[in-house]
Structure formats: structure tokens, C-alpha cells
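Asks: One structure follows; several queries about it will come next.
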Amino acid sequence: MLLTTPTTAILLAVVHAGLSRAQIPLYKSFVGKQFMDNFYFFTDRDPANGVVNYVSQSAAQSQNLVSWTDSTFTMKADSTQNSVMGKGRDSVRLVSNNDFGDGVYIFDINHSPVGCGTWPAAWTTTTTNWPYGGEIDVLEGANANSNSSINTLRSLGLLTTGSVLAANASTPANTTYSGLNAISLHTAPSCPLKPRDANAMTGTEGSNECSGLAGGNVGCGVTVPGKSFGGLFNDNGGGIYAVYRNIQNASAIESWFWPRDVTPPADVSVGSFFWFVRLFWAPLAASFKFQDYSCGGQFHRHVIVLNIDFCGDYAEATYASSGCPGICEAFVKYNPGAFTEAFFEFRSVRVYGASWAAPSMSRPAVSGLALTALLMALLF
């Protein structure tokens, strides 16, 4: 039963004051043109062996591969010409100028790239001595499609009646063609995870081997159900991914996903975070806790990377099983019209904390926790 008494009001004020020192400050926010001002264009050869040519800022702008409004930022791959010469299809890979530590990371995305051969990702990573500094893949998948991208294949004469895509194009609820997002970690060797309760997160646990040097660099991942990626994600207007990196205190990383048709907690939109705010959010999509606290020390400060790759180590390995036609490299190079949906549209990327550390339970800053428990007892 909710009590509306002066005592309740006083308790609320005291709790707020007691927790004010535990608030996570906004460190960086990227919206619209701020992506251009705060990220640089990576132009080296793709480390993941993709059939891709990451272009410079001037080339991206002249080819209309980047654009923005006051509230959105779009980055895309070329969909107009064959890639006969060079490294592969022209595309964009952005890397943040700043690096970041512990805190809350919010990725608000309207559209993720789809199409056979595509390998889009939004992730954070160390810049030196990978994988020893760690990597967090927030959104990643390969060869995802949509009804419209499948129809494009059909119009180009590239979709055979026996393809799994030919059948699934008429069933929008089928995630076989749409794909599911995989939230994954890549770490130094010998960093096993603690056993995870399947009921404690909505995602499906994959490998527990996080080492980037073992098992073909699959990493330890969790597959997010529902409209988490690809065509279904885009048809639903995208969604919001949140990552809570709490390496210093708990050697843990947690992630949540809110599809666009689900209202996220108010603080996800407003951004007034407290270190324990996750307790009041929706169920976790993914949870990672290391058995050995020293493994947390393997996570260095990270840059944010946003990129659209093609084929490479991941997409090429799953290309045929995804129902895609022919050979990945040839398809990507000679079918530009198949990549009209190979673009990201971001509402924003925000980072709270950056090098902030959650207060330990013994610090006075969290003395309000006891009051919170008392308040909850009064309110409910």
C-alpha cells in the first residue's frame, strides 16, 4: 500500500540526499553532427579480413555515406557501384576520439544494416595489445535480412526457390532471416565466467570461453531474443541497448535491451543514473561476471567503434548457412543494388561515468541504501 504522509516525503528527501554522491555523471553524448566531431574515420585494412574498403571522411561525405540531422546520424556502405578494384566495398568505420572506462553506455539505434554479406557492429575495445585489454560487442550480427532486402535479391534474380530466404520472406515473425543480436566479450586467456542462472537474463547463453585467442575468437556471447537485430529490429523502429560496465568493483558487465515498442525506464531516456539503478530496470538481456577478479583488470579503457563490414571472419563463415547466394566475396563486390539497406541510423550514443567507479558498500555515499530499503517497505 502506498503511503502519502509527511514521513514518506521526508524519507524520499533524505534518500535522495544520501545517494547524490553516487550519481553517475554524463561524460559524453553524441547526437547528429557530434558523431563527425567526436569520431575519426578508420582507413586501414580491415583487421577482420573483410571484403571492405573503409573510406576517409572526405570520401564518405563526397559519396554520401554519412549524413545527419539535429536528431539522427546515418552511416552507410556504398550501394551504387561494383568493387572491382581495391579491398572491397566502400564503407565506414568510426572510432571515438575519447576512450572510456567504467560506467553506463547507451546506444539508441533506429536502423541496423541488413543484407547478405553484411557484418555490422557497435562495440568498445582496447586500442593496444588486443585482446588483453578486452572488447565488448554491444550489437553484432552477420547476414541478417529483411523482407525488403530479400525482395531485392529476388528482383536481381539472385534468390533461388530452394533458398531458406525464399520461404522466410513471407513470414515476418520468423527470426531465421532477420537474425538475432549477440552481446559478446573477448578477453585475455584464462578469464572464465561464473556460472549464470538462465532465469536471471532473457538472452540465451553461448560459449563461456571469453578468450580472444581460443576457439576461433568466438568469445563468450549471449543471444538476445525477439526484435533485437536485422529486419525485425528495423521494422520495429530499432531500440535501445544499455551496457553497465562495472569492472573496478564487481568484475562484471551487464546489458539490457528495450525494443522501440517497449517503453524504457525514464532514467534511460533522461539519463539521471545512480550506480544501483540496474536493480529497477527490466530483466537483464545479458550478464557477465568473471570468476577471478583479476580478470577485470584485463579490461582497459576502451574506444567506441561503429562499423559496417562485409564477409570477413564472421560473415563469410555463416554466409551459406544463412541462405545467401553464391560466394560472399563475389556477391559483395558485384551486386551494389543489394546493399541499399546496409546502413546504421543512430539517435544517440551516450556514456555516463567513463572512468567513474561505483561506490563500495562500505562508503558513506551509499548510506542511503538502508533508507531505500526502509522506504520500499513503507511504500509497498
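Asks: Look at LEU180 and say whether it is open to solvent by 20 Å² or more (accessible area, probe 1.4 Å), of a type in the set (A, V, I, L, M) and modelled with pLDDT of 75 or more. Don't jump to the end; show me each part of the working.
Replies: Values: open to solvent by 20 Å² or more (accessible area, probe 1.4 Å): yes; of a type in the set (A, V, I, L, M): yes; modelled with pLDDT of 75 or more: yes.
So LEU180 passes the test.
Asks: Can you work out which of the residues in the stretch 123-143 that are hydrophobic (A, V, I, L, M, F, W, C) and assigned to a strand (DSSP E or B) is surrounded by the fewest Cβ atoms within 10 Å (Cβ to Cβ)? Full working, then the answer.
Replies: Initial filter on the stretch 123-143 (hydrophobic (A, V, I, L, M, F, W, C)): 123, 130, 136, 138-139, 142.
Of the ones still in play, those that are also assigned to a strand (DSSP E or B) are 123, 136, 138-139.
Numbers: TRP123: 21, ILE136: 23, VAL138: 25, LEU139: 23.
So the residue we want is TRP123.
Asks: Any residue in the stretch 309-335 that's within 12 Å of ARG89 (Cβ to Cβ) and open to solvent by 40 Å² or more (accessible area, probe 1.4 Å): show its pairings with residues that are at pLDDT 95 or above and of a type in the set (Gly, Ala, Ser) at Cβ separation under 8 Å, as long as the two are six or more apart or on different chains.
Replies: GLU329/GLY88
Asks: In this structure, is ASN246 free of Cβ contacts under 8 Å to residues at least 60 places away in the same chain and touching an Asp or Glu at 6+ places or on another chain (Cβ under 7 Å)? Let's see the steps before the verdict.
Replies: Numbers: free of Cβ contacts under 8 Å to residues at least 60 places away in the same chain: no; touching an Asp or Glu at 6+ places or on another chain (Cβ under 7 Å): yes.
It is false that ASN246 is free of Cβ contacts under 8 Å to residues at least 60 places away in the same chain and touching an Asp or Glu at 6+ places or on another chain (Cβ under 7 Å).
Asks: Which numbered condition in (1) open to solvent by less than 20 Å² (accessible area, probe 1.4 Å); (2) in a loop (DSSP other than H, G, I, E, B) is the only one that PRO120 fails?
Replies: It is condition (2) that PRO120 fails.
Asks: Among the numbered conditions (1) over 20 Å from LEU153 (Cα atoms); (2) touching a Lys or Arg at 6+ places or on another chain (Cβ under 9 Å), tell me where PHE339 comes up short.
Replies: (1)
Every residue, every condition in (1) of a type in the set (Val, Ile, Thr); (2) in contact with a helix residue (DSSP H, G or I) (Cβ under 6 Å, 6 or more places away or on another chain); (3) buried (at least 17 other Cβ atoms within 10 Å of the Cβ); (4) in a strand (DSSP E or B), yes or no:
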{"residue": "MET85", "(1), (2), (3), (4)": "no, no, no, no"}
{"residue": "VAL95", "(1), (2), (3), (4)": "yes, no, no, yes"}
{"residue": "TYR105", "(1), (2), (3), (4)": "no, no, yes, yes"}
{"residue": "ILE109", "(1), (2), (3), (4)": "yes, no, yes, yes"}
{"residue": "ASN145", "(1), (2), (3), (4)": "no, yes, yes, no"}
{"residue": "ASN151", "(1), (2), (3), (4)": "no, no, no, no"}
{"residue": "ALA166", "(1), (2), (3), (4)": "no, no, no, no"}
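Asks: With the structure loaded, tell me whether SER56 is free of Cβ contacts under 8 Å to residues at least 24 places away in the same chain and out of contact with any Asp or Glu (no Cβ under 8 Å at 6 or more places or on another chain) or whether it fails that test. Give the derivation first.
Replies: On the way: free of Cβ contacts under 8 Å to residues at least 24 places away in the same chain: yes; out of contact with any Asp or Glu (no Cβ under 8 Å at 6 or more places or on another chain): yes.
In short, yes.
Asks: Among the numbered criteria (1) in contact with a Ser or Thr (Cβ under 7 Å, 6 or more places away or on another chain); (2) open to solvent by 10 Å² or more (accessible area, probe 1.4 Å); (3) of a type in the set (A, V, I, L, M), which one does ALA242 miss?
Replies: If we test ALA242 against (1) in contact with a Ser or Thr (Cβ under 7 Å, 6 or more places away or on another chain); (2) open to solvent by 10 Å² or more (accessible area, probe 1.4 Å); (3) of a type in the set (A, V, I, L, M), just (2) comes out false.
Asks: Right, next: Name the single residue, out of those in the stretch 196-222 being hydroxyl-bearing (Ser, Thr, Tyr) and under 21 Å from PRO131 (Cβ atoms), that is surrounded by the most Cβ atoms within 10 Å (Cβ to Cβ).
Replies: Start the filter on the stretch 196-222 by keeping residues that are hydroxyl-bearing (Ser, Thr, Tyr), which leaves 202, 204, 207, 211.
Pick out the ones that are also under 21 Å from PRO131 (Cβ atoms) and you get 207, 211.
Numbers: SER207: 15, SER211: 20.
Here the residue is SER211.
Asks: For the stretch 289-312, which positions are under 20 Å from the mean Cα position of the chain (by Cα) and under 15 Å from THR125 (Cβ atoms)?
Replies: Answer for the stretch 289-312, where residues must be under 20 Å from the mean Cα position of the chain (by Cα) and under 15 Å from THR125 (Cβ atoms): PHE299, HIS300, ARG301, HIS302, VAL303, ILE304, VAL305, LEU306, ASN307, ASP309.
Asks: Among the residues that make up the stretch 52-70, is at least one of them open to solvent by 30 Å² or more (accessible area, probe 1.4 Å), closer than 21 Å to GLY238 by Cα, outside any helix (DSSP H, G or I) and polar (S, T, N, Q)? Explain how you work it out, then say what you get.
Replies: Let us first name the residues in the stretch 52-70 that are open to solvent by 30 Å² or more (accessible area, probe 1.4 Å), namely 53, 56-58, 61-64, 67-70.
Checking which are closer than 21 Å to GLY238 by Cα leaves us with 67-70.
From the residues that got through so far, the ones that are outside any helix (DSSP H, G or I) too are 67-70.
With the extra rule that they be polar (S, T, N, Q), the set shrinks to 67, 69.
Checked against the condition, which is being open to solvent by 30 Å² or more (accessible area, probe 1.4 Å), closer than 21 Å to GLY238 by Cα, outside any helix (DSSP H, G or I) and polar (S, T, N, Q), the stretch 52-70 yields at least one hit.
The values are calculated or read from the model by the stated rules, or taken from the named source; none is laboratory data. Just so we're clear, the structure is a prediction, and the values are computed from it rather than from any experiment. Ideal geometry is used to build each Cβ from the backbone, glycine not excepted, and the neighbour counts take in all protein chains shown. Note: accessible area is taken over every heavy atom of the protein model, side chains too, but ligands, DNA and RNA are not part of it. Shrake-Rupley method; radii C 1.70, N 1.55, O 1.52, S 1.80 Å.
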